């Protein structure tokens, strides 16, 4: 048994043993759970995937004369201005008024993180205390006051695999799916995926420090649509899914290497976000979860051609099979490709390992467990 404070003392002294989730899976296979749990103090993880439920709060400071902004455009992308006078929230999926799906909120965020200036256009109805009615200028992160990313749903624990049994191409948030199961896509980094490594959320809660877009961020709450679930595989092992995190962090400290805009053709603009969590090896039970390899981590393959919230499951597949580049469906091999980047996930896990070893990234004890909704509600149509 170890405590987080004991592990932090080892991090401060430079004596902590830190490994990535891939490395600890290999060590555990060779040396066993008991020996590995004794040797390793921290296990790092990483994911770099499209996370549509992302955005940033920006504060521009007051102009002279001052304005109470009620309509805001950033590089011609609408931002939500229904907060204080010179605050706004720019959502990743918001599209440009002039360029449509070619450019949107995610691109604005990436441009800001990359150090670029953007055009700010703001309008107001004018008041006695905020008489100005419009302003046009340029701003960059260094010109603003507080700028923080607050993402309502990130780090999805275990996303599904998608394919298409229909006779036509369909374009989805899982990418372009070819007819008659000609391809399959998935969006989880397998044994590096943060919430698959602590599936029962023993060490992740409100206040947990995380790697967030190249900066240090914090878990603020359970993410939207956070419904942790568990089902049993044929061999008796468990498949976990459904947990999500709401995460907050300083946009000014982020790195454009880990914040990248993307356009999902025919669907929406999205934002790739790099997230990593360092996990303390508190005991053998936690190490056992941290060391689960791709061959023992599973997800379900859904038929996305069915336009329903309850799509049919075609089969259950391991991440080892997905990572091989093809899966078996209906007796034939189907190419499988990730929407998430394994290379970037490894880069995040390695960078986080270095930061922990150097003592610049300490572990945190959660101040509270993540709240959970007992019932998963759906939107019903009612007479109005």
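The values are calculated or read from the model by the stated rules, or taken from the named source; none is laboratory data. Computed from a prediction, not measured in an experiment: that's the story for all the values here. Neighbour counts are summed over all protein chains in view; Cβ atoms, including those assigned to glycine, are modelled from backbone coordinates with ideal geometry.
Condition (residue is part of a loop (DSSP other than H, G, I, E, B) and within 30 Å of residue 268 (Cα to Cα)) applied to region 61-71: is it met by at least one residue?
Looking for residues that are part of a loop (DSSP other than H, G, I, E, B) and within 30 Å of residue 268 (Cα to Cα), one finds at least one in region 61-71, hence yes.
Please determine whether any residue of region 335-350 is assigned to a strand (DSSP E or B) and crowded, with 19+ Cβ neighbours inside 10 Å.
So far as region 335-350 goes, yes, one or more of its residues are assigned to a strand (DSSP E or B) and crowded, with 19+ Cβ neighbours inside 10 Å.
Quick check: anything in region 302-309 under 22 Å from residue 154 (Cα atoms), out of contact with any strand residue (DSSP E or B) (no Cβ under 9 Å at 6 or more places or on another chain) and surrounded by fewer than 22 Cβ atoms within 10 Å (Cβ to Cβ)?
Yes.
Tally time: how many residues in region 366-384 are loosely packed, with under 14 Cβ neighbours inside 10 Å, closer than 23 Å to residue 205 by Cβ and touching a residue at least 60 places away in the same chain (Cβ under 8 Å)?
Within region 366-384, residues that are loosely packed, with under 14 Cβ neighbours inside 10 Å, closer than 23 Å to residue 205 by Cβ and touching a residue at least 60 places away in the same chain (Cβ under 8 Å) number 7.
So, in region 81-102, of the ones that are surrounded by 15 or more Cβ atoms within 10 Å (Cβ to Cβ) and outside any loop (DSSP other than H, G, I, E, B), which residue ends up modelled with the lowest pLDDT?
Step by step, filter region 81-102, then rank; the result is 101.
Considering every residue within region 6-20, establish whether at least one is part of a helix (DSSP H, G or I) and in contact with a helix residue (DSSP H, G or I) (Cβ under 9 Å, 6 or more places away or on another chain).
Yes: one or more hits.
Can we say residue 122 is crowded, with 18+ Cβ neighbours inside 10 Å and outside the structural domain of residue 252 (by TED's automatic domain parsing)?
So residue 122 passes the test.
Could you say whether any residue in region 140-151 is touching a strand residue (DSSP E or B) at 6+ places or on another chain (Cβ under 8 Å), over 30 Å from residue 206 (Cβ atoms) and assigned to a loop (DSSP other than H, G, I, E, B)?
yes
Which residues, taken from region 286-299, are buried (at least 19 other Cβ atoms within 10 Å of the Cβ) and not in a loop (DSSP other than H, G, I, E, B)?
Once the filter is applied, which keeps residues that are buried (at least 19 other Cβ atoms within 10 Å of the Cβ) and not in a loop (DSSP other than H, G, I, E, B), region 286-299 yields 286, 287, 290, 294, 298, 299.
For region 309-330, which residues satisfy the criterion of being modelled with pLDDT of 95 or more and not in a strand (DSSP E or B)?
Scanning region 309-330 gives 311, 312, 319, 320, 321, 322, 323, 324, 325.
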